[in-house]
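Worksheet for the structure shown next.
The values are calculated or read from the model by the stated rules, or taken from the named source; none is laboratory data. Here the structure is a predicted model, which is why all the values come from computation and not from measurement. Neighbour counts run over all protein chains shown; Cβ positions are idealised from the backbone, glycine included.
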Amino acid sequence: MVASEISIGIDVGGTHTDLCSVQGKNVVRAKALTTHDDYSVGIFNALSNVSETLGVPVEELLSRHCRAFVNGNTIVTNALTELKGARVGVLVTAGFADILRVGRGARMNVRDDHLQRNLPRLIAREYIAEIDERVDRDGKVVVALDHLQVEREVQRLIDAGVDCIAVCFLWSTANNTHEKTAEEIIRRIAPDIFVTQSVSVASVFREFERWQTAILNCYVQPPVKGFVETVARGLRSRGYERALEFFNGLGGVLTEEVVKTVPIQLYSSGPAGGAVGSAALARRYGLDEVLCGDMGGTSFDSILIHKQQPKVVQRCTIGRFDTALSLLDIDSIGAGGGSIVHLDARGIPQVGPQSAGSTPGPACSGRGGTEPTVTDCMAVMGFIDPKNYLGGKYELDLDAARQALESKVGNALGWDAVRTAAGAYSLVVANMANALRELSVSRGRDPRKCTFIAYGGALPVFSASMCQKLGITDMIIPGQSSAFSAYGLLEADYIRRESATIGWLVGSEDGYGHMIATRDRLEKLVREDLREAGFAEDDMQISFGGDFRYVGQLAEMYMPMAKDSVEQELGIALRPAFDAAYEEEFGPDTAWSESELMLVNYVVTGIGLRQKPDIEARATSGASAEDAIQTRRQLFLPDEQVWADTPIYAADKLEPGAEFSGPGIIDCRDTTIYIPRDATARRDEYDNFRVAIKET
């Protein structure tokens, strides 16, 4: 029996659906296979697994004990990756329809013009309706909205079979009267159709990114709506009566109502959970420079944490789509436990980005898969106990893994299954190390000065080898590694961010009053939203900032500022503050002292403080790691390319303070941690594993 007040975080990944439940100081995790035909099935399977561990029926767990239920998922990511979304109709300002096609030139980052590809077409040309209306940059109406034309075009789009309509008018950020009126007309004609005003998803200038965001918001609405309603219905039928909460790519919690209005915010919500959890660890250990990585079944996601805060990117690119969204700066490559090992057109071994997913899964899983995957490699090399996979829930078929590796890759190269697996291991390590190098070095950070936080069901097998390649000597593997992104969902607060374009020259009286009025309006919106979400004033934190740039530049950089900083001598102190922040980001002497400074967008962020997990430090016991050795197993050590009789340590028997030197394996119920010869692992007082890696 459990006590009351339990919080549940669930992360729906490409292969597994991970769950972390926190009750007081106790953390319980569970996994289930992701069910892509109906994601809610995987969610409720994971709930059944955790209820079995707790000894409480699911209905009682949800109705009597569950205080919060937070979900991160890949619904939006999958819809955009697979290009399976709604038929979107668009209303645009007359004469500007082709902006949606021309964009920013739509060029890929490749030198060979033969490899250039146009952006995928989300909307058919006949679904774009040009409307006579025009507002100038100052918000003045130049051409009045033609109401009858809107009615005719909306009816035409509905007759053509569109599912949603995006309203995208020029300079609606300065005056959204026309977009608002057009939405009212649409709702009068078709009350049930989903509508997005561009200014409602991005109230900042640059019409292409803003319009693209509105279209994407419509495009992903049907799969998100179906998912949210199915999960909500399933939870409520099982007795859960509190608010259902979701996670967004900015690293905060959203209400069900917000998700239904702005579903695009769910993009990258799963990886964002791990980033928030890593930031919490960075604060706990007092770490300022952190790289973190998450390797699950389909991808390797990484993020840089500087001064204990995940980096946020403005106007992020989703796949190849430029948007006006601000999201955590998470990089992804196709490297996961389900990534397929194959030969490319030149006969060279590659790993990913294709994945076997959960169905049919790796060849060794026994669910009909025939393609060799990273998981098959780990089984063949001895890292995974075939009789104890996921705590013994599944038994792996080693013969199927060997056959897949040899028949699909090894035979063509004259390699046996083990050599093929070891080669794939090296490729995965190199690919992920390169991703981390790009993430850190390209942003002016030295990876050798960073701590690496490694999590996800697959990453702890590879993480020490990656660190050796990058010269990283300090690594943390959370005790909840395999479900750490789900745990991170519970470390987050409710976040609401509002912004508006103002274009104020710092120090100028011209436009000063408008800027002050905009700031106060945004703060009011944020506070109202937090109140509607159920937060009292004492549980609100309001922060202010802006997107600044030197006059003459194209791109802005965000900088936090105090609310009254613009009122102190017309914000004159903002200039040296921005110069310092700019040089910290881009290097010494990069500040443009000859140029004026412009506050392009004012940004107000509201945080509703939520109850966090209370993980208490445990006293070290003095127990020896030798007491945790449960067996020894022959492993093919990838760093030494030899078979070695290697001790296997049971994770649940490693007490705080227990320490050992590699080579060795820490066998967790749902992940495997590899400690190479030149590394030492210690379980700390928070049940995390601290790994010290010798410099090479």
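Just checking, how many residues over the stretch 487-521 are over 27 Å from Ser7 (Cβ atoms), touching a residue at least 60 places away in the same chain (Cβ under 8 Å) and of a type in the set (Asp, Glu)? Spell out the reasoning first.
Going through the stretch 487-521, the residues over 27 Å from Ser7 (Cβ atoms) turn out to be 498-521.
Then drop every residue that is not touching a residue at least 60 places away in the same chain (Cβ under 8 Å), which leaves 498-509, 515, 518-519.
After this cut, where a residue has to be of a type in the set (Asp, Glu) as well, the list is 498, 509.
Going through the stretch 487-521 one residue at a time, the tally reaches 2.
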Original post:
Restricted to the stretch 612-640, and to residues that are under 35 Å from the mean Cα position of the chain (by Cα) and surrounded by fewer than 13 Cβ atoms within 10 Å (Cβ to Cβ), which residue is farthest from Asn26 (Cα to Cα)?
Top reply: Glu640
Original post:
Does Phe69 satisfy the condition of being part of a strand (DSSP E or B) and of a type outside the set (D, E, K, R)?
Top reply: yes
Original post:
Hey, among Arg64, Arg87, which residue is under 30 Å from Asp11 (Cα atoms), basic (Lys, Arg), out of contact with any Cys (no Cβ under 7 Å at 6 or more places or on another chain) and surrounded by 16 or more Cβ atoms within 10 Å (Cβ to Cβ)?
Top reply: Arg87
Original post:
Looking at this structure, is Tyr686 in a strand (DSSP E or B), touching a helix residue (DSSP H, G or I) at 6+ places or on another chain (Cβ under 8 Å) and either on the phi < 0 side of the Ramachandran plot or at pLDDT 90 or above (or both)?
Top reply: no
**OP:** Working only within the stretch 204-233, note down all residues that are closer than 18 Å to Phe44 by Cα, crowded, with 17+ Cβ neighbours inside 10 Å and either assigned by TED's automatic domain parsing to the domain that holds Tyr602 or touching a residue at least 60 places away in the same chain (Cβ under 8 Å) (or both).
**Re:** Val224, Phe227, Val231
Original post:
Looking only at strands (runs of 3 or more DSSP E) that fall completely inside the stretch 610-665, which ones have 2 or more residues that are out of contact with any Cys (no Cβ under 9 Å at 6 or more places or on another chain), farther than 15 Å from Tyr686 by Cα and not hydrophobic (A, V, I, L, M, F, W, C)?
Top reply: 629-637, 642-650
Original post:
Is it fair to say Ser172 is of a type in the set (Gly, Ala, Ser), under 30 Å from Ala279 (Cβ atoms) and in the same structural domain as Ala97 (by TED's automatic domain parsing)?
Top reply: no
**OP:** Inspect all residues belonging to the stretch 480-489 and state whether any of them is outside the structural domain of Phe586 (by TED's automatic domain parsing), within 20 Å of Val429 (Cβ to Cβ) and in a loop (DSSP other than H, G, I, E, B).
**Re:** no
Original post:
Just checking, which of Val22, Val28, Val70 is closer than 20 Å to Asp294 by Cα and in contact (Cβ under 8 Å) with a residue 40 or more places away in the chain?
Top reply: Val70
Subject >> Hits in the stretch 668-691 (condition: under 22 Å from Leu635 (Cα atoms) and surrounded by fewer than 16 Cβ atoms within 10 Å (Cβ to Cβ)) >> reply: Arg677, Thr680
Original post:
All but one of (1) more than 30 Å from Asn26 (Cβ to Cβ); (2) assigned to a helix (DSSP H, G or I) hold for Gly95; which doesn't?
Top reply: (2)
Original post:
If you take the residues of the stretch 283-321 that are in contact with a Leu (Cβ under 9 Å, 6 or more places away or on another chain) and among the charged types (D, E, K, R), which of them is modelled with the lowest pLDDT?
Top reply: Arg320
**OP:** State the number of residues belonging to the stretch 170-197 that are over 18 Å from Val142 (Cβ atoms) and touching a helix residue (DSSP H, G or I) at 6+ places or on another chain (Cβ under 6 Å).
**Re:** 8
Original post:
In the stretch 666-682, how many are charged (D, E, K, R), over 26 Å from Lys393 (Cα atoms) and assigned to a loop (DSSP other than H, G, I, E, B)?
Top reply: 2
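Would it be correct to say that Arg104 is over 21 Å from Phe321 (Cα atoms) and either out of contact with any His (no Cβ under 7 Å at 6 or more places or on another chain) or buried (at least 17 other Cβ atoms within 10 Å of the Cβ) (or both)? Talk me through it step by step, then tell me what you get.
Working: over 21 Å from Phe321 (Cα atoms): no; either out of contact with any His (no Cβ under 7 Å at 6 or more places or on another chain) or buried (at least 17 other Cβ atoms within 10 Å of the Cβ) (or both): yes.
Taking the combined requirement at face value, the residue does not satisfy it.
Condition test on Leu157, is it in a helix (DSSP H, G or I) and either crowded, with 23+ Cβ neighbours inside 10 Å or among the β-branched types (Val, Ile, Thr) (or both)?
Considered against the rule, which asks whether it is in a helix (DSSP H, G or I) and either crowded, with 23+ Cβ neighbours inside 10 Å or among the β-branched types (Val, Ile, Thr) (or both), Leu157 comes out as yes.
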Original post:
Across the stretch 24-78, what is the number of residues that are within 25 Å of the chain's Cα centre (by Cα), among the charged types (D, E, K, R) and closer than 22 Å to Ala243 by Cβ?
Top reply: 1
Original post:
When both residues are 6+ apart or on different chains and their Cβ atoms are under 6 Å apart, which pairs have a first residue that lies in the stretch 276-305 and is farther than 20 Å from Met466 by Cα, and a second that is at pLDDT below 90 and among the aromatic types (Phe, Trp, Tyr)?
Top reply: none
Original post:
Inside the stretch 161-233, counting only helices (runs of 4 or more DSSP H) that do not spill past its ends, which hold 1 or more residues that are within 23 Å of the chain's Cα centre (by Cα)?
Top reply: 198-201, 207-219
Original post:
If we keep just the residues of the stretch 72-84 that are crowded, with 22+ Cβ neighbours inside 10 Å and assigned to a loop (DSSP other than H, G, I, E, B), which is modelled with the lowest pLDDT?
Top reply: Thr74
Original post:
Of the residues Leu570, Leu574, which single one is closer than 22 Å to Ser499 by Cβ, out of contact with any Gly (no Cβ under 6 Å at 6 or more places or on another chain) and of a type in the set (A, V, I, L, M)?
Top reply: Leu574
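In the stretch 325-383, which residues are in contact with a Cys (Cβ under 6 Å, 6 or more places away or on another chain) and under 30 Å from Glu209 (Cβ atoms)? Talk me through it step by step, then tell me what you get.
Going residue by residue through the stretch 325-383, those that are in contact with a Cys (Cβ under 6 Å, 6 or more places away or on another chain) are 325, 327, 376, 379.
Of everything in the stretch 325-383, those that are in contact with a Cys (Cβ under 6 Å, 6 or more places away or on another chain) and under 30 Å from Glu209 (Cβ atoms) turn out to be Leu325, Leu327.
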Original post:
If you check Tyr558 against the conditions, is it of a type in the set (Ser, Thr, Tyr), in contact (Cβ under 8 Å) with a residue 24 or more places away in the chain and in contact with a Ser or Thr (Cβ under 7 Å, 6 or more places away or on another chain)?
Top reply: no
Original post:
Checking Thr261 against (1) among the β-branched types (Val, Ile, Thr); (2) in contact with a strand residue (DSSP E or B) (Cβ under 6 Å, 6 or more places away or on another chain); (3) surrounded by fewer than 19 Cβ atoms within 10 Å (Cβ to Cβ), which test does it fail?
Top reply: (2)
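Can you pull out the residues in the stretch 615-635 that are of a type in the set (D, E, K, R) and in contact (Cβ under 8 Å) with a residue 24 or more places away in the chain?
Glu616, Arg618, Glu626, Asp627, Arg633
Matching residues to (1) over 30 Å from Gly9 (Cα atoms); (2) touching a strand residue (DSSP E or B) at 6+ places or on another chain (Cβ under 6 Å); (3) modelled with pLDDT of 95 or more:
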{"residue": "Ser442", "(1), (2), (3)": "yes, no, no"}
{"residue": "Gly456", "(1), (2), (3)": "no, yes, no"}
{"residue": "Gly488", "(1), (2), (3)": "no, no, no"}
{"residue": "Glu491", "(1), (2), (3)": "no, no, no"}
**OP:** Report the residue count in the stretch 1-51 for those that are crowded, with 19+ Cβ neighbours inside 10 Å and in a strand (DSSP E or B).
**Re:** 21
Subject >> Scan of the stretch 556-584 for residues that are β-branched (Val, Ile, Thr) and over 18 Å from Val603 (Cα atoms), ordered by number >> reply: Ile572
